[in-house]
Amino acid sequence: MNFKRLSTAFLLVAALFISAVAQQPTAAPSVDRLQQIIGYLASDALDGRRTGTKGADDAANYIAGEFSRLGLRPGMPAPQPARAEAQARYLQPFPYVSRVELGKNNLFFITPGRADDTAQFMVGEDWMPLGFSTNTKIDANEIVFAGYGISSAELKYDDYAGSSARGRVAIVLAGTPDGDNPHGQFVNAGQIRFRVAAARAAGARGLVIISSEEKFKDDRLYRLSYDNAGEAGIPILVVSRQTAATILGAHDPKLSEYEKAADSRTTKPISGTEPTINSPQLLRLPTKGLHLSLSTDVVRRESPSFNVVGILPGSDPVLREEAIVIGAHYDHLGRGGEGSLAPREGEIHHGADDNASGVAGVLELARILSSSNPKPRRTIVFIAFSGEEEGLIGSSYYVNHPIVPLTNTVAMINMDMIGRLQNKKLIIGGIGTSQEWRAMVNEENMMQSVEVSVNAPVVGSANISLNAPAMPIVVGANGQPVVTMDPGKQFVLTLNEDGYGPSDHSSFYSKQIPVLFFWTGTHEDYHKPSDTADKIYYAGEARIVSFVERIVRDIDTSDKRPTYTVAKSESQGRSTGFRVYLGTIPNYADTNDGLKLDGVRDDSPAAKAGLKAGDRVVKMAGHDVKNVYDYTYALGEMKAGQEYEVELIRDGKRITLRITPEARK
């Protein structure tokens, strides 16, 4: 043991104690509380907290109960008779499709041309509509084979090139030309949503996907699910391999030859003198002259999902009208599926770091700030968001239905994945969204000691992750062990300018609110079942919470609100898979009537073209846009330096602008 360092630590603690007594200190972040909160939220009992599920609702009620216990004011108005319990007043509902069911009018059959020669297929056995399929009817439509149904200008690959898909139903293979390589070039273009966009762009009236599984019900596409990103715009269904063989007019060996040829992109004939898979002849001709009739009926059931909002009223008679928002999302990925990096569905994705850790930080800050004396001068709005994993749905809803007016919201502090601090490395985004942030953050990072409440011995304690860096232990003012840092900077900071990013602060920055985003980076357990509570470094998270608390107090004690500034965009430097840059910030919420823009970056091609936040893009580069996937597909088809038309709805009027994308740097 280094006795000189230990003596220094005792002196620091003593000095802090003497100063703190005069200032009537607040409670320190509690390692034990952090462990309790994360342990519950990441437990099997909550089943991964997927938005719209019972596990997510249980998490919301738990957080609401904590807000109530701390004496925070509920964010919602007085309870209505239908939800009279006081705890419900902390829950801000927003619309969300939680499940999908088969309707009563699903029908699919083919007719080769004779009245008595009809093949009808049974829904649930031979075929299934996809959860985002548009409900519609198609009568006696021709079928055309279109390879994998992939079209990507970036990859110079187009299964629809020269095809006769327009006005017909396309039938495609489910895999990708590189054998579904998870690290291959078709990872993005091969996603089902982008294949749908490609089919619509080619003029197809519907899309039939051939299952890649021998047992049809093992196919992920077989299971009805919905990603809350809008309907497809055309009917989409997956068919069993046996059904596909019937549609193609042959038995399974023939289907296998189709797949083999498509995998290798060969120009050899499939058999005999038939056209090749990739030849224009095959793509121009209907498959064996078959005609398809189809009716899809998918019922989407909405289940209210919730942001959880607790308010600590400010103590200053003037500044209490202003608010600081402290937030984190509590939803995760349930048992996998959309968004998961696990090889298969079914296992609980615990989401301890992502983002039970951030929610624990919010609850600890609520406890500390609500018990402080004096209370914060400004109002503090604590929010646990849901729907983040589906595209910032909850936070986007909040900024469009704010509890405290956005004009009075002076800053938003977001914590997402703050539980894996290693080597003191902490990332802070949004540093360029206010001219005060950089100096404030750097000053607080220079504090030489921080006290963290530890309700059990550190060495060998279950409260501390065993892979945590070794740290000296001293006794604090409350008689409990405290963890101290070496003199000097507390964290090795990475400061990012941009206010946009893959978490809920982005919704607030789009409304011109200064933001700060705290996270400790990704890791090998990200979006996998292995993101469990035992891997959290609790003492490290407690230090981050203390750091955030001091920054919140700096904001609160200043008479002047943080000055909003336009942050330098850092997205141009990231690999996004697109050759061009527009500078738009899409809204990812469910939509079927165009893509709403949450924001437009200053001095970007979109800004120069005249696009604005709130615009709803309905057509771009000649492609109809119903949702974010249509928009992304159109973006992938654009070239830098070439002018394109963009049609949008603004204030109820349809207008056309011209935009020239820039090359992505």
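Partner aspartates and glutamates whose Cα lies under 14 Å from the Cα of Lys535, excluding those fewer than 8 positions away in the same chain, are identified as Asp353, Asp354, Glu524, Asp525.
Mind giving me the FRET efficiency for Ala161 and Ile649? R0 is 30 Å, r the Cβ-Cβ distance, nearest 0.05 is fine. Computed FRET efficiency for Ala161 and Ile649: 0.40. Computed from backbone phi, the HN-Hα couplings of the stretch 407-419 come to 5, 9, 8, 8, 6, 10, 10, 10, 10, 9, 6, 10, x Hz, rounded to whole numbers (Karplus: 6.51 cos²θ - 1.76 cosθ + 1.60, θ = phi - 60°; Gly and Pro given as x). In this calculation the C-beta distance from Ser293 to Ala342 is compared with R0 = 35 Å, giving a FRET efficiency of 0.35.
In the neighborhood of Lys375, defined by Cβ-to-Cβ distances under 12 Å, what is the net charge if each Lys or Arg adds +1 and each Asp or Glu adds -1?
On the way: positive: Arg320, Arg377, Arg378, Arg553; negative: Asp316, Asp556.
Spelling it out: positives minus negatives among the neighbours equals +2.
Quick one: go through the stretch 639-654 and flag any residue whose amide nitrogen is under 13 Å from the point 7 Å out along the Cα-to-Cβ line of Lys608. Counting backbone N atoms under 13 Å from the label point, the list is 640-644.
Each label point was placed 7 Å from the Cα along the Cα-to-Cβ direction; for Glu662 and Ala140 their separation is 5.5 nm.
Once you have the Cα-Cα distance between Asp58 and Asp534, take 0.36 nm times their residue separation minus that, and quote the gain in nm to one decimal. Walk me through the intermediate numbers first.
Numbers: separation 476, 0.36 × 476 = 171.36 nm, distance 2.14 nm.
My answer for the length gained is 169.2 nm.
Packing here is the average count of other Cβ atoms within 10 Å per residue, and on that basis the peptides 365-374, 594-603, 145-154, highest first, run 145-154, 594-603, 365-374. The Cα atoms of the stretch 578-663 give a gyration tensor whose axes a ≥ b ≥ c have a/c under 1.5, which makes the shape rounded.
So how much slack lies between Gln185 and Ala119, counting 0.36 nm per residue of separation and subtracting their Cα-Cα distance, in nm? Each step should come with its number before you reach the end.
On the way: separation 66, 0.36 × 66 = 23.76 nm, distance 3.77 nm.
Taking 0.36 nm per residue and subtracting the Cα distance, the gain is 20.0 nm.
Length available on full extension from Thr557 to Leu107: 0.36 nm per residue minus the Cα-Cα distance, which gives 155.4 nm.
So which aspartates and glutamates pass the test for Lys639, namely a Cα distance under 14 Å, with those fewer than 8 places away in the same chain ruled out? Correct list for Lys639: Glu154, Glu662. Here the stretch 327-363 is scanned for amide nitrogen atoms under 13 Å from the site 7 Å beyond the Cα of Asp44 along Cα-to-Cβ, giving 347-350.
Every number here is computed from the coordinates shown, using simple stated rules; none is lab data. Values in this document were obtained by computation on a predicted structure and should not be read as measured data. Every residue, glycine among them, receives a Cβ derived from its backbone with ideal geometry; neighbour counts consider all protein chains shown.
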